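Here is the structure we will look at, set down as structure tokens.
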Amino acid sequence: MALSSAEAMAIEVNNMKKVIAILLALLLPLSASAETIAQQIGAPSHVVDTFKSNTGKTVITVDAEVHVPDADRIPVYSVTPRTFSQDELQAMAATCFGSIPYSFDFEEQDKEAGTFTYVSANAQDGSGCYLSGIMWRNPLGILQEAKALFERTNPITGTWYPTEKHTNVYLGNQPVGCTLTRDEAQRIADEAVRTFAPGFSCVGQAVIRGETTNGSGDYSEDYSGQEAWVLFYGKDLELPVTYDTAFPNDLHNHVHHPETLVIVVDDAGIESMLFNAPYSLNGTLVENCVLIPFDQVMSIAAKLMPLKIASYEQSYSDIRVHIAEIRLGYMYTLQKDTPGEYVLTPVWDFVGTVEYRRQKNGKITAESSEPFKSRLTINAIDGTVIDRDYGY
């Protein structure tokens with residue numbers, strides 16, 4: 001039976017609707033994937049705000065660049081602390097010593113406290129270069145420590161660069177007594193890192209002050225007048241692994257040991273190097289996680305950052321926090337119910353400096369100005385606040 005013109009038109013309209021629906025279904029995912037992460041979560045490139053504690057003694061000024069990497073996806077990775085291989089340590093030594101002849105020793109010992117592996121490399125020309133390392137598994141087989149440290153002492157000036165301290169590091173444009181540009185220093189460090197830590201990239205640069213040794217060879221904390229570039233490296237992933245401070249301090253007393261690769265470079269080349277707590281990637285827990293909106297992150301920061309900083313109000317009447325950067329990056333967090341296992345979790349770090357005064361608008365009594373110091377770390381997935389010393 002022939003269709004009426006009205007019926008034929010209705011069928012044609014329905015067919016057109018189906019075609020449009022199919023096209024929309026195909027196009028919408030494409031348009032969504034074309035959005036950057038910053039667009040998906042509504043993150044601006046710069047943000048200005050002010051937070052205060054209930055007493056008004058703590059004032060947090062936010063005038064910050066917002067750093068959001070341009071990644072196609074943000075996985076959540078499972079990672080495990082690992083030891084260094086002997087080949088890896090030999091590559092470190094060869095890179096750091098360069099043309100200087102040196103001895104290399106690799107020794108394993110079983111003790112009541114667990115299994116220990118000691119590494120030492122010493123210059124044979126009296127140039128004051130050495131590399132030391134230790135790997136320690138406790139009696140339960142859990143890795144407690146894995147660290148390799150290279151240091152060179154200038155035989156003329158007695159200058160050395162202590163890579164396990166963060167108090168002598170600052171953000172600067174040119175180190176005193178060093179002619180290398182920032183880019184030249186990074187090229188030297190990049191070349192070195194490629195030889196023993198492929199898959200790492202530079203995530204930050206600063207200036208480190210040299211210290212002196214006394215006549216007996218013991219270290220002092222006196223400024224030598226010489227400075228160098230210090231470069232920080234992290235795994236080359238979708239997000240950079242954000243440094244909390246320039247150097248982790250007193251790792252033996254920390255529950256959480258972040259992976260750390262630090263290279264100090266001046267005109268003489270590599271002056272010192274610290275590679276601590278390396279991790280291996282086990283697999284992907286989440287292929288592409290969903291992040292909370294940026295305005296929610298700021299709301300959490302406005303409520304909780306004053307509470308975190310205000311604990312110092314018992315000693316100071318005027319606390320000024322200046323947040324200069326807000327960064328999206330990875331952090332090594334403890335995996336729940338799995339001792340010794342960690343997760344690379346996307347977090348927001350509020351990076352800046354703090355000034356403490358005994359009296360309102362008085363002289364600065366103390367300050368905290370370490371580069372890359374996170375004043376607040378927020379889980380970018382669920383909005384919980386993370387303590388960086390404890391890793392959760």
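The values are calculated or read from the model by the stated rules, or taken from the named source; none is laboratory data. Since we're looking at a predicted model, the values are computed, not measured. Note: ideal-geometry Cβ built from the backbone for every residue, glycine included; neighbour counts use all protein chains shown. The accessibility values were calculated without ligands, DNA or RNA, using every heavy atom of the protein model including side chains. Shrake-Rupley method; radii C 1.70, N 1.55, O 1.52, S 1.80 Å.
A few remarks follow.
- Computed from label points 7 Å out along Cα-Cβ, the spacing between Gln124 and Lys52 is 6.9 nm.
- Here the extension length gained between Ala71 and Ser103 equals 7.1 nm, from 0.36 nm per residue of separation less the Cα-Cα distance.
- Principal-axis tilt of helix 5-33 within the chain, Cα atoms, nearest 10 degrees: 10
- Exposure check, 1.4 Å probe, all protein chains in place: Phe104 carries approximately 50 Å² of accessible surface.
- Using alpha-carbon coordinates, inclination of helix 294-309 to the longest axis of the chain, degrees: 40
- Order of exposure, largest accessible area first, which applies to Arg209, Arg320, Arg327, Arg375 with probe 1.4 Å: Arg209, Arg320, Arg327, Arg375
- Distance violations [Cα-Cα > 20 Å] among Lys303/Lys363; Lys308/Lys373; Lys57/Lys165: Lys303/Lys363; Lys57/Lys165
- Surface accessible to a 1.4 Å probe, Arg388 within the full protein complex, Å²: 40
- Taking all protein chains together, Trp136, Trp160 sort by accessible area into Trp136, Trp160, largest first [probe 1.4 Å].
- Within the chain, the longest run free of exposed loop sites, counting GluC sites (Glu not before Pro) that sit outside DSSP helix and strand states (H, G, I, E, B) and have at most 12 other Cβ atoms within 10 Å, spans 113-286.
- Using a probe of 1.4 Å on the protein chains alone, the accessible area found for His67 is around 80 Å².
- Residues in the chain average 50 Å² of solvent-accessible surface per residue, probe 1.4 Å, ligands and nucleic acids excluded.
- Within the chain, helix-based [θ] at 222 nm, where runs of 4 or more DSSP H residues each add -39,500 (n - 2.57), nearest 500: -6500 deg cm²/dmol
- In degrees, nearest ten, helix 86-97 long axis to first principal axis of the chain (Cα): 70
- Extension gain for Ser311 to Glu367 (0.36 nm times residue separation, less C-alpha to C-alpha distance): 18.6 nm.
- Taking N as its residue count, the alpha carbon Rg of the chain over 2.2 N^0.38 Å: 1.23
- Accessible-area ranking of Tyr233, Tyr356, largest first, probe 1.4 Å: Tyr356, Tyr233
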